[in-house]
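Structure record follows, encoded as structure tokens.
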Amino acid sequence: MLIGFDLDGVICEYTPWIEKMLQNDSIASMYYLDKDILLDPYLFLSDDDEMVIITDRPTKFKDVTKEWLKNHNIDCDVYFIGNKETELSSRHAAVKKSSVINDLNVEIYFEDDTRVVELLREMTNAKILAVNSHGDFEKWKQK
């Protein structure tokens, strides 16, 4: 089974207000390298499962992202769906993530952005699991 994970807010910590303030790429790179791990994706895999990461983190941080994953012993394919400079809107991220999820036949996907969760549930056949790290999770689960 192929299991997919979002990166920021699922596997590693996510602080949107800080990330929006990071204008200097070298400071941002240090910030991304220093992030704590939130979830060990290997805990969700059986022996015959594989995993992928699908992230809309800006692609200019591709190398630092791969270094962070290596430092945390996470070895899998990473799909960067964002653009070079900025993260995508929830809707645009969902459209691009759904394309990767569908193309790869991901069966389970972990996502923290509740707007993306709802859209992916409409756009894919995968089981989309909401991770409680996004600011609007508590309000969302009460719907």
Check your understanding: Amide H neighbours of Phe110 under 5 Å, counting only residues 5+ apart in sequence or on other chains, H built in-plane at 1.01 Å?
Key -> Gly4, Phe5, Asp6, Leu129
Point to revise | Estimated inter-spin distance, His92 and His72, nm [label 7 Å along Cα→Cβ] | key: 2.5
Review point. What length, rounded to one decimal in nm, is gained on full extension from Arg115 through to Leu39, with 0.36 nm per residue of separation minus their alpha-carbon distance?
Key: 25.3 nm
Check your understanding: What spacing in nm lies between the two simple spin-label points modelled at Lys62 and Glu13, each 7 Å away from Cα in the Cβ direction?
Key -> 2.8
Review point. Which ³J(HN,Hα) values, rounded to whole Hz and listed in residue order, are derived for region 58-63 from phi using the Karplus coefficients 6.51, -1.76 and 1.60 in 6.51 cos²θ - 1.76 cosθ + 1.60 with θ = phi - 60°, glycine and proline given as x?
Key: x, 5, 5, 9, 4, 5
Point to revise | region 91-117 residues near the modelled Asn83 label - backbone nitrogen below 13 Å, point 7 Å along Cα→Cβ | key: 92-93
Review point. Where does each of Lys70, Lys97, Lys62 land when they are ranked from fewest to most other beta-carbon atoms within 10 angstrom?
Key: Lys70, Lys62, Lys97
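The numbers here are math on the coordinates, done by the rules we state, and not lab data. The model shown is predicted, which means the values in this text are computed figures rather than measured ones. We place every Cβ from the backbone using ideal geometry, glycine too, and count neighbours over all the protein chains shown.
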